[in-house]
Amino acid sequence: MLDTPASRITLSLAVVGLFYWALFTGHAPAPAAPPAPDGPSGMATDVAKSLVAEARALVSDGDYAKALEPARKLHDANPSSHNYVEQLAITYHHLNRPVEEAELWEEYLLKAPHPNQACPHLGFAYRAQGRQDKALDAFERCLALDPDDPDAILFLALAEERGGRAEKAAELYERGLALAPGYADLRLGLARIGLRTGRVGEAKSAALSVLKTSPDNTDALLVAGLACLRTGETAEARTYLEHGLRLSPGNSDLTQALAQVAAREGR
């Protein structure tokens, strides 16, 4: 079964263009073993056990293309089982089929005793389709399932931020921080809003507070570097940004920010 909170999904949160209003991305869910056969169904128990064993072996090998058939059979024979809905949704995710994946997570919301286990994967599946309106709606519904979940608040705030709704995003980040003051991703989200709205000092202070406990946090290094760039502290900006780029060599935001530093320095 998938862990849904951001602390367990381990989002990369590498500020992939959010300073240019693009979106954070999440790592793919970890492979999950198929569940044991459920109760009464249209399939004999020994057949179900055989399919579960087959799917488990294929998932273990990372062969999701072949795992799809047994996953489908188990789901079709046990339409009331949220376990098989989840397994099929995960399989579609690994096959990069977000349309089918989203449909399965929607089904999961209706059948599972704990529907929030579909979160934030449902929103990610819609986002992968380019359906930002549906992704936003999914994140809103996920938050409604547990209004005090800081992770659900974070995902909705990121969606609002990506959509350019800075005020709504800021309100959500503040709401999340009231519940979880030490949540670095919420604090950095609010810092990014500060950069865009001219509260550069607050943004830098927030980034430095994160770096005190997480000196290799590339998001915090980027925020700190951009804040220093805004205040003309180019040498300090370069230190933060170069450190971040050493940790994340392919990070385009850090590269662009360093290019701005070089331009300021006449290099």
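From the list Ala36, Ala28, the one residue that fits, being under 24 Å from Leu145 (Cα atoms), modelled with pLDDT under 80 and part of a loop (DSSP other than H, G, I, E, B), is Ala28. If you filter region 215-234 down to residues that are small (Gly, Ala, Ser) and either modelled with pLDDT of 95 or more or in contact with a Gly (Cβ under 8 Å, 6 or more places away or on another chain) (or both), you find that the one that is nearest to Gly266 (Cα to Cα) is Gly225. Exactly one residue out of Glu174, Glu161, Glu107 is among the charged types (D, E, K, R), closer than 30 Å to Leu229 by Cα and surrounded by fewer than 22 Cβ atoms within 10 Å (Cβ to Cβ): that is Glu174.
From the list Leu226, Leu188, Leu143, the one residue that fits, being within 23 Å of Pro98 (Cβ to Cβ) and assigned to a helix (DSSP H, G or I), is Leu143.
Yes/no matrix, rows are residues, columns are (1) crowded, with 18+ Cβ neighbours inside 10 Å; (2) under 27 Å from Cys119 (Cβ atoms); (3) not assigned by TED's automatic domain parsing to the domain that holds Pro120:
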site: Leu156; (1), (2), (3): yes, yes, no
site: Leu179; (1), (2), (3): no, yes, no
site: Ala191; (1), (2), (3): yes, yes, no
site: Ser209; (1), (2), (3): no, no, yes
site: Asp219; (1), (2), (3): yes, yes, yes
site: Ala224; (1), (2), (3): yes, no, yes
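Consider region 42-70 and keep the residues that are modelled with pLDDT under 80 and touching a Leu at 6+ places or on another chain (Cβ under 9 Å). The one that is surrounded by the most Cβ atoms within 10 Å (Cβ to Cβ) is Ala48.
Yes or no: region 71-89 includes at least one residue that is of a type in the set (A, V, I, L, M, F, W, C) and either surrounded by fewer than 18 Cβ atoms within 10 Å (Cβ to Cβ) or without any contact (Cβ under 8 Å) to a residue 12 or more places away in the chain (or both). No: region 71-89 contains no residue that is of a type in the set (A, V, I, L, M, F, W, C) and either surrounded by fewer than 18 Cβ atoms within 10 Å (Cβ to Cβ) or without any contact (Cβ under 8 Å) to a residue 12 or more places away in the chain (or both).
Only one of the listed residues (Leu88, Leu109) is in a helix (DSSP H, G or I), closer than 30 Å to Gly163 by Cα, within 25 Å of the chain's Cα centre (by Cα) and not acidic (Asp, Glu). That residue is Leu109.
The values are calculated or read from the model by the stated rules, or taken from the named source; none is laboratory data. A quick note: this is a predicted structure, and the numbers were derived from the prediction, not measured. Positions of Cβ are generated from backbone atoms using ideal geometry, with glycine treated the same way; all protein chains shown enter the neighbour counts.
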